[in-house]
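Below is one structure, written out as structure tokens, with a few remarks after it.
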Amino acid sequence: MPDHDQPTYDLVLTRGTVLDPASGTNARVDIAITGSTIAAIGPDLAASGARVVDCSGSTVLPGLVEGHTHIFQHVSKVGAPAEEAHLRRGVVAAADAGTAGASTFEAFRKLVVDGTDMRIVSFLNVSVLGLIDFRFGELLNPDTLVVDDALAVASANPDVVRGFKIRLSEDVVGEQWESLLKKSLALSEQAGLPLMVHIGETAEPLPAVLEHLRPGDVVAHCYTGKPHGILDGDRVLPAVLKARERGVLFDSAHGKSNLSFEVARRAIADGFLPDVLSSDTSARNWRGPVFDLLTSIAKLVALGAPLDECVRRATVAPAQLLRLDGEGYGRLTVGGRADVTVVTQTDEVMLPDAAGGSILAPRLEPTFVLHNGAVVETVPWRGAPA
Ligand SMILES: [Zn+2]
């Protein structure tokens, strides 16, 4: 057969709506893949594909980036399995948010980071213990915050440690929240990395915490329904808006108990979207109420957040925060990584929040997932009746 009859591309995704916030693409174009690389993006490529996948009626997204999860399986009681919870539901890169501390990091690296082809990074817990068991606050003994240990792990693992994490709940830090927060900020400053601060169950009103934070630091659980959240009635607190203006970032981090539809609805109506839209998946919530990142996106869309803005906050925005954008994550680019998540809107289902609320809304189901050019075997939605 002469050369011009050979298909040009291994695979072409055709007839879908490509939504790539990084490039501003939101259009009916085809994506062609050769090997592990996106070879072309444009109209009418299907005739040149050895294999063609019809994406009619679906939205074609970059492989998703999870900005906040707990995947230290086998060591932490809260650790979910990375691939089953994430990759097989359309997520190709993820940041573990403080499940590992300096004393357990070597195991995290071996079991989790090296145990998958997903790209895994870490916000290292400032306590050397990390989050092994949620029943016992890791900073109740404040001596477990060992600055030198955290700095040593961060400097020996710059490819993985992309920040630090402190859980500021009262049952984790006791009365010493302020001195522990200051120490954590000092160590983050020394390492040149951001600090992620978990709110919800904090003893102090949020403005007292925010005034300590630096540009680039992250407030996790911004839509929590617990006391000391971001709202005053229907409006976002001025101190929260001021912190955002300074460059403090807000992460939605759904989790087992930190997404209230009431709070999210009001905040979205007041124009306040999270900077990072994350699921805060863990072994405690991945079978509900969280399920997965796409369900977390669908919930905020149902509450009034635009889909493209939500996708941005689960692709290029966390990729930039985690410094994975330079590796090609979070976007669809010719010559870039062939990580693609094709999603289809389902019929309406009852979706729970983490505060006793629920809404009837469509979900987003990953119908075709490509990771580094290879087709991923997806798993069914974990909320579906068995
Ligand atoms: Zn978390």
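The values are calculated or read from the model by the stated rules, or taken from the named source; none is laboratory data. This one's a predicted model, so the numbers in the text were calculated from it and none came from an experiment. Cβ placement follows ideal geometry from the backbone for every residue including glycine, while neighbour counts extend to all protein chains displayed. Please note that ligands, DNA and RNA were not included when accessible areas were found on the heavy atoms of the full protein model with its side chains. Shrake-Rupley method; radii C 1.70, N 1.55, O 1.52, S 1.80 Å.
The fraction of all Cα pairs in the chain landing in successive 10 Å bins from 0 to the largest distance is 5, 25, 33, 24, 10, 3, 1, 0, given as whole percents. Note: relative contact order over segment 311-378, using C-alpha pairs below 8 Å and six or more positions apart, is 25 percent.
Restricting the calculation to Cα atoms, segment 191-287 yields a radius of gyration followed by a Dmax of 12.7, 38 Å.
Set against the 2.2 N^0.38 Å expectation for a compact globular protein, segment 18-169 has a Cα radius of gyration ratio of 1.32. Note: relative contact order over the chain, using C-alpha pairs below 8 Å and six or more positions apart, is 19 percent. Comparing segment 303-386 with the 2.2 N^0.38 Å rule of thumb, its C-alpha radius of gyration ratio is 1.29 (two decimals). A simple packing score, the average count of other Cβ atoms within 10 Å per residue, orders the peptides 373-380, 212-219 as 212-219, 373-380, with the highest score first. Using C-alpha pairs below 8 Å separated by at least 6 residues, the relative contact order for segment 238-339 is 22 percent. Quick note on segment 270-341: its Rg to Rh ratio, both from C-alpha atoms and Rh being the Kirkwood radius, is 1.01. Per residue of the chain, the DSSP helices (runs of n ≥ 4 H) give a summed -39500 (n - 2.57) that works out to -5500 deg cm²/dmol at 222 nm. In this structure, the amide hydrogen of Gly225, modeled 1.01 Å from its nitrogen in the peptide plane, lies closer than 5 angstrom to those of Leu259, Ser260, counting only residues at least 5 positions away or on a different chain. Averaged over residues, the count of other Cβ atoms within 10 Å places the peptides 285-297, 14-26 in the sequence 285-297, 14-26, highest first. Annotation: amide H of Thr37 within the under-5 Å range of Ala338, sequence separation 5 or more or interchain, hydrogens built in the peptide plane. Of the accessible area of the chain, computed with a 1.4 Å probe over protein heavy atoms only, carbon and sulfur atoms account for 49 percent. Surface exposure of the chain, expressed per residue as accessible area with a 1.4 Å probe, stands at 39 Å².
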